[in-house]
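Undergrad: Supplied in structure tokens, the structure appears directly below.
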Amino acid sequence: MSANISIDFITHTFKGQTDPTLNNIELKIPAGERVALIGRSGCGKSTLLHMLAGLLIPTEGCVRIHGHQVTRPSAKWNMMFQKPSLYPWMNVRQNIELGLTFAGQKNPEKIDYLLDLVGLSEKAEEHVQSLSGGQQQRVALARSLATSPEVLLLDEPFSALDAFTRATLQDEVARITGQEDLTMVIVTHDIDEAVAMADRVLIMSANPGEIVGEEQVDLPFPRDRSRAEFSRAREQLMTKFDSLVGDVKPAEIRQTGQSKALDDSKQQAA
Amino acid sequence: MSATPASLNMNTAREGGFDWKAFGMSAWRGIGYPVIGIGVMLALWWLGGWAIASNPDTESFADFAPAPAFSRLLELTANGYVWEASAPSLARIGLGLLWAVVIGVPVGVAVGLYASVREISHVPFQFLRMISPLAWMPIAVLAFATWDGAIVFLIAVAAIWPVLFSTAQGVRRIDPLWFKVAKNLGADGLQMLRRIILPAIGQDIFAGIRLAVGVAWIVLVPAEYLGVTSGLGYAINDARDTLEYDTLAAMVVVIGVIGFFLDGICVKLIKKFSWHNQD
Ligand SMILES: Nc1ncnc2c1ncn2[C@@H]1O[C@H](COP(=O)(O)OP(=O)(O)OP(=O)(O)O)[C@@H](O)[C@H]1O
Ligand SMILES: [Mg+2]
């Protein structure tokens, strides 16, 4: 079952800093929507996602899931990170089970189902260190799903993977979130990823972090990257992104080393 | 070790049968090298014994040499004296280490987890750590009603630091993401400790215990010079007083052998609790 998320005027200033990292962010995400959050490096995407997960409490404003204020992490809103960060002393099954173990539950059928869902039934008893990067990230995904979350939060979950594995996993996660009826928020540097996975793409500006625009992606799943509609949607998003946050002066880029991934994807598109 | 068998072995390996060369190499590594090491050690001991025996001033210590020591060792093993002397020492070591772990691991975890605890404890711990465990002797004797209590205290005081610091270091090396993920999956404090922290630092704890066993074993002998009338330290002291140098040397061998095996156990445990690159 999915949940609606409401972000109510979040402003966040990190300790020891004077300027806010996030400024007055207001956002409603209806239940079951897949949202992608794009913006330049350091604009505060991860910060915002951590707040949705209850791993960070904003200095002003609040996050509500299902109308309830998020004040601490919960297995009901689960976050997946760029690194799979599996526990190497547990095998694949034990890793996936962990959330249930914490809750004092046992549900072998569910774990079997999840293993099947992420295509790792054969690897259930294996050590996680013997898996490939893509397989490890699949285990992390299954682990996030084991506690039947209503919200799945993804922080650049596939950026460390090769292009083929990445595309496969993007499609799989998009399929699974639909199938399991989850609300999804994905943070990404990759415009293609946003177009491949999201119903709606939010564009964030930096200093301070604000949501400055959004773009609807109305394409059916699974999304075929070779189709003209896909390219058109990507083009449209890119144009919007450039007009909103793309006017970074070259000196600034050199100074901070920002926005490399976005520039890369721009070049690919050109 | 002529060139012929080696080349023969190589041919066998090439023909794809059992790899005699690799087998030979690993057997040589596993058995041959240690044998050389032991041989050199015995040779030096024998030379030392010979030098003592051939010097009129030290002649009376000649029993210190390997031959009398080993025949004495056989005798003492057969009549149970070796076990009689070792058992109390092992019990004291065990108890001392137990205290070191019971105190060192929780404190180490706290030091590793909390910067405030780390900063508060830094000066006191570094200060206390530098005090030779033997310097505690007079205090131990005053503070404990029994000699045994005092000895266990001295061992614990020596053994706690490696356990504590190794634990703390292990905790600090834990990937912060492991905490985040576990919290996100609903772990409470106790579950975090039991399912994440302790398994993550198991090998660090046992690496600390391995070092602790080393220092505890070193502290044991002088500590057993205190009041008690049992244990390996006492046996050595007693042998010296009664001028039985063969017994003295035999007990030194016993100490070395037991220490070696204790270390071996620790290495096994470190491996068992290690999760790095397991296949
Ligand atoms: N714990 C912290 N203390 C102080 N400043 C922080 C902290 N965490 C993040 N920041 C700052 O907040 C800003 C936003 O960081 P955040 O990690 O959310 O960016 P991001 O958009 O996810 O970047 P990236 O795309 O590189 O992951 C950055 O300028 C960062 O330096
Ligand atoms: Mg980030």
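A short reminder: the numbers here are calculations on the coordinates, not readings from a lab. Computed from a predicted structure; not experimentally measured. With ideal geometry, Cβ positions are generated from the backbone for all residues, glycine too; neighbour counts draw on all protein chains shown.
Undergrad: Can you find, among A:Leu114, A:Gly42, A:Ile176, the residue sitting farthest towards the positive end of the charge dipole of chain A, where Lys and Arg contribute +1 and Asp and Glu -1 at Cβ?
TA: It is A:Gly42.
Undergrad: I need the Debye-formula profile for region A:93-183: one equal scatterer per C-alpha, no solvent, reported as log10 I(q)/I(0) at q = 0.18 1/Å, two decimals.
TA: -0.80
Undergrad: Which whole-number percent of Cα pairs in region B:70-272 have a distance greater than 25 Å?
TA: Summing the P(r) of region B:70-272 above 25 Å gives 46 percent of all pairs.
Undergrad: Taking each residue of B:173-184 in turn, how many C-beta atoms of other protein chains fall within 10 Å of its C-beta, and what is the average?
TA: Rounded to a whole number, the mean comes out at 6.
Undergrad: What size of dipole, in debye to the nearest 20, comes out for region A:82-202 about its Cα centre when the only charges are +1 on Lys and Arg C-beta atoms and -1 on Asp and Glu C-beta atoms?
TA: Roughly 320 debye for region A:82-202.
Undergrad: Moving to a separate point now. If each residue's Cβ is checked for other Cβ atoms within 10 Å, how do B:Trp46, B:Trp99 rank with the fewest at the top?
TA: B:Trp46, B:Trp99
Undergrad: Ok, one more. Show me the trypsin sites (Lys or Arg not before Pro) within region A:67-131 that DSSP assigns to loop and that have at most 16 other Cβ atoms within 10 Å of their Cβ.
TA: When the trypsin sites (Lys or Arg not before Pro) of region A:67-131 are filtered for loop state and at most 16 Cβ neighbours within 10 Å, A:Lys106 remain.
Undergrad: Peptides B:21-28, A:34-41: what's the order by average Cβ count within 10 Å, highest mean first?
TA: Sorting B:21-28, A:34-41 by mean packing, highest first, produces A:34-41, B:21-28.
Undergrad: Kyte-Doolittle cut-off -1.0, length cut-off 15 Å along the helix's own axis using Cα: show which whole DSSP H helices in chain B pass.
TA: B:3-14, B:33-54, B:66-78, B:81-113, B:115-129, B:147-172, B:198-223, B:245-272
Undergrad: Based on Cβ point charges of +1 for Lys and Arg and -1 for Asp and Glu, what charge dipole magnitude is obtained for the protein assembly as shown about its Cα centre, in debye rounded to the nearest 20?
TA: So the dipole magnitude of the protein assembly as shown works out to roughly 400 debye.
Undergrad: Is the C-alpha gyration tensor of region A:54-133 telling us rounded, prolate or oblate? Criteria: a/c under 1.5 is rounded; beyond that, a/b larger than b/c is prolate, otherwise oblate.
TA: Prolate is the answer for region A:54-133, as a/c is 1.5 or above and a/b outweighs b/c.
Undergrad: Just tell me how shielded A:77-89 is by partners: mean number of partner chain Cβ atoms within 10 Å of each residue's Cβ, no decimals.
TA: 5
Undergrad: Explain nothing, just the number: relative contact order of region A:7-104, from Cα pairs under 8 Å at least 6 residues apart, as a whole percent.
TA: Dividing the mean separation by the residue count of region A:7-104 yields 24 percent.
Undergrad: Same structure, new question: For chain A, what is the convex hull (Cα atoms) projected area averaged across all directions, in square nanometres?
TA: 14.7 nm²
Undergrad: Of B:Ile258, B:Ala239, B:Ala223, whose Cα points farthest to the positive end of the dipole of region B:220-279 (charges on the beta-carbon: +1 Lys, Arg; -1 Asp, Glu; origin at the Cα centre)?
TA: Among B:Ile258, B:Ala239, B:Ala223, the one farthest towards the positive end of the dipole of region B:220-279 is B:Ile258.
Undergrad: Bins of 20 Å, beginning at zero and ending with the bin holding the largest distance: percent of Cα pairs per bin for the protein assembly as shown, please.
TA: In whole percents, the pair-distance histogram is 17, 35, 26, 18, 4, 0.
Undergrad: Post the alpha-carbon centroid distance, region B:215-279 to region B:19-39, in whole angstrom.
TA: That distance is 27 Å.
Undergrad: Let me ask you something else. Let me have the relative contact order for chain A, percent, based on Cα pairs under 8 Å that are six or more residues apart.
TA: 25 percent
Undergrad: Applying 1/(1 + (r/R0)^6) with R0 = 56 Å to the Cβ-Cβ distance of B:Ala51 and A:Arg64, what FRET efficiency is obtained, to the nearest 0.05?
TA: The value I calculate is 0.05.
Undergrad: Local charge sum around A:Gln69 (other residues, Cβ-Cβ under 14 Å, Lys/Arg +1, Asp/Glu -1)?
TA: +1
Undergrad: If you don't mind, there's one more thing I want to ask. How large is the convex hull of the Cα atoms of region A:1-63 per residue, expressed in Å³ as a whole number?
TA: Measuring per residue, one finds 84 Å³ for the Cα hull of region A:1-63.
Undergrad: A further question follows. In nm, to one decimal, how far is the modelled label at B:Ile174 from the one at A:Ile57, with both set 7 Å along Cα→Cβ?
TA: According to this spin-label approximation, the distance is 2.2 nm.
Undergrad: Where in region B:117-216 are there trypsin sites (Lys or Arg not before Pro) that are in a DSSP coil and have at most 13 other Cβ atoms within 10 angstrom of their Cβ?
TA: Here the trypsin sites (Lys or Arg not before Pro) that fit, given the DSSP loop and packing criteria, are B:Arg173.
Undergrad: Also, quick follow-up: Using a Förster distance of 41 Å, how high is the FRET efficiency between B:Leu98 and B:Glu75, based on the Cβ-Cβ distance and rounded to 0.05?
TA: 0.80
Undergrad: Another question, if that's okay. Which whole-number percentage describes the relative contact order of chain B, with Cα contacts under 8 Å and a sequence gap of 6 or more?
TA: In percent, rounded to a whole number, it is 22.
Undergrad: Moving on. Which one, A:Met238, B:Asn55, A:Ala194, projects farthest toward the positive side of the charge dipole computed for the protein assembly as shown from Cβ point charges (K/R +1, D/E -1)?
TA: It is A:Met238.
Undergrad: A follow-up question, please. Rounded to the nearest 20 Debye, what is the dipole magnitude of chain B about its Cα centre when Lys and Arg each give +1 and Asp and Glu each give -1 at the C-beta?
TA: That gives chain B a dipole magnitude of about 1520 debye.
Undergrad: Calculate the FRET efficiency for B:Phe23 and B:Lys268 from the Cβ-Cβ distance with a Förster distance of 30 Å, rounded to the nearest 0.05.
TA: For R0 = 30 Å, the calculated efficiency reads 0.80.
Undergrad: What is the mean number of Cβ atoms from other protein chains located within 10 Å of the Cβ atom of each residue in peptide A:138-145, rounded to a whole number?
TA: Per residue, the average neighbour count from other chains is 1.
Undergrad: Relative to the first principal axis of the alpha-carbon coordinates of chain A, what is the inclination of helix A:133-146, with its axis defined by its Cα atoms, in degrees from 0 to 90 and to the nearest 10?
TA: 80 degrees
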